[in-house]
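What follows is a short report on a single structure.
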Amino acid sequence: MAWMDGSRTVAGRISLGDVIAHLGKHRPVFHSEADLQHSFARALWELSPDMNSRLEVPQQAGGSAEHLDLLCIGPSTRTAIEFKYFTRRWTGTVGAPAEDYALKGHAAADLARLHFVRDIARLERFCRRSDQNGLAIMLTNDASLWTPPGIGRGQTRDRDFRIHQGRELVGRLLWAEGTYKPNTCILRGSYTLD
């Protein structure tokens, strides 16, 4: 997760920790990113019925229309949220009531990191209002995404885009040491990942 500010509350109403705990209790696995988005919005409503949630909200940023995954609207503040759901192949039955899951394996972890960082850059464009913060969430069962690279590991093209626990993302992030400029991302803020 990466916050656009240090508040760690959604729309100034509920802590993200409470939302995650609620989801963990009621939905240990999700079928898809859309399922995660819907379940997150529902959890917000269950925990704070006076908060409004809107999925796939058009945003005008830089002259072109883009869509925000979830906009949470409280009485005086708002939170823009972008989700990524990157999975390793897994099948099983969990939950109450029990549900069968068949998660696909997304093989390109480097591209998952790139797209997550791009979501942070998008949130910087979307969160220019003084009453709005932003949150980028990646939910995954792939440990390579939250684990730091091993010691002695050679250079990787996504080195600047690593998103492991405690990593700080800041400034100009280069793909393949800058040899592929279309994937360069520039962040205005700094974001410690949790």
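Rule-based calculations on the coordinates, nothing more; no lab input. Quantities reported herein were computed from a predicted structural model and do not represent experimental measurements. So basically every Cβ, Gly included, is an ideal-geometry build from the backbone, and we count neighbours across all protein chains shown.
Starting from the exponent 0.38 and prefactor 2.2 Å, build the expected Rg for the stretch 104-185 from its residue count and divide its actual Cα Rg by it.
On the way: Rg = 13.7 Å, N = 82, 2.2 N^0.38 = 11.7 Å.
For the stretch 104-185, the normalised Cα radius of gyration is 1.17.
Using the Cβ-Cβ distance between residue 91 and residue 144 with R0 set to 22 Å, the FRET efficiency works out to roughly 0.65.
Calculated from the alpha-carbon coordinates, the chain shows an Rg and a Dmax of 17.0, 51 Å respectively.
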